[in-house]
Each structure stands twice: as structure tokens, then as C-alpha cells.
Amino acid sequence: MNIFTAADIFQFAIRVEEYGEIFYHKAALNATRDEVRKIFNRLADEEIKHKRIFQELYEKIQDNRPPESYPGEYMANLRDFIDGKVIFVKQSQEKELAIIQDEVVAIDFAIQRELDSILFYQESKGFVHEGQQKLIDEIIKEERTHFALLTELKKSLNK
């Protein structure tokens, strides 16, 4: 039995990108080096682009929600679940950002979140229509690019 629909997966993905954007903008504000700030801002912009892609996909698919006991119940429950489980969780993100005192720790945090995103999207592909899986593959490719960019940035700072 599938517990999520393709629409649910895209809702998850939209939230992941929203939280990623918030993280990268805050990390850019805290960055002390221009090269780090530029990369974090670039990644924030790319999260916005990814969110737009997922919103467009979401709008194209049929959203088959289960019966509700009150209007909006399903989405309210889904958002509560998403907010507690996704890669860039707002509450833990705020706590972690407060603890992050240097750029290398922020980069490490971002690297882990990009890896988590790749895994999330890879696993999510099984829940979406075959015709939409190539679009998810494109996002995975972008997330891998983010991972590589952050890894190279970390190496350059450690020299």
C-alpha cells in the first residue's frame, strides 16, 4: 500500500526547497568570506528554481486526497508531517544555525542536507508517474552539483 501520492511527494519537495532557501540565505548572511557568501546565495537562488519546478509539476498532476472530516484536514496533517520530517526542518534549522559559528561548520551542515536531499528525491521517484521521473532525475543532478560545489568549497577553505 502506498502511503503517499505523487502530489504528496511534490508537496514534500516544495517544502524541502523552501527550507533550503532559508538556510542558504541565512548562511550567506553569516558568511565572512565573499566566495562563501556568493556560493550560499547561488545555492539559495537554485533552491527557488527547484521549488518553482516542483510547483509546476504539482499543478499538472491529479491530487487524489482521502476523505476529510473537515476542509483542509489532509493538507494540515501533511504539512505537520512534512515540517517534522523533512531535510531542512525549520525549528532544528534555527537551532543549528545559532550553533554554527564558522563557515566550515555551515558548509558541513549544507553538505549533509544535500546528501539527504539526494536520497529523498531518489526514493521519491518510486511514488511518481514514470513520465515525471526524469524531472526528478534533473533535480537529483542539481543536488549532486550542490554537493560537489560545497565539497570543493570546503576543500579550498582547508588549504
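The values are calculated or read from the model by the stated rules, or taken from the named source; none is laboratory data. This is a predicted model, so every value here is computed, not measured. Glycine also receives a Cβ, built like all others from the backbone with ideal geometry; neighbour counts cover every protein chain displayed.
So the values come out like this:
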item: Test: residue in region 18-41 that is assigned to a helix (DSSP H, G or I), at pLDDT 90 or above, farther than 22 Å from ASP102 by Cβ and more than 11 Å from the chain's Cα centre (by Cα); result: no
item: Output for region 120-159, where each listed residue is β-branched (Val, Ile, Thr) and within 23 Å of ARG33 (Cα to Cα); result: THR145, THR151
item: Qualifying positions in region 128-159 - at pLDDT below 85, surrounded by 19 or more Cβ atoms within 10 Å (Cβ to Cβ) and part of a helix (DSSP H, G or I); result: ILE136, ILE139
item: Close pairs (9 angstrom Cβ cut-off, 6 or more residues apart or separate chains): more than 9 Å from PHE10 (Cβ to Cβ) in region 53-66, assigned to a helix (DSSP H, G or I) and at pLDDT 85 or above anywhere; result: ILE53/GLU17
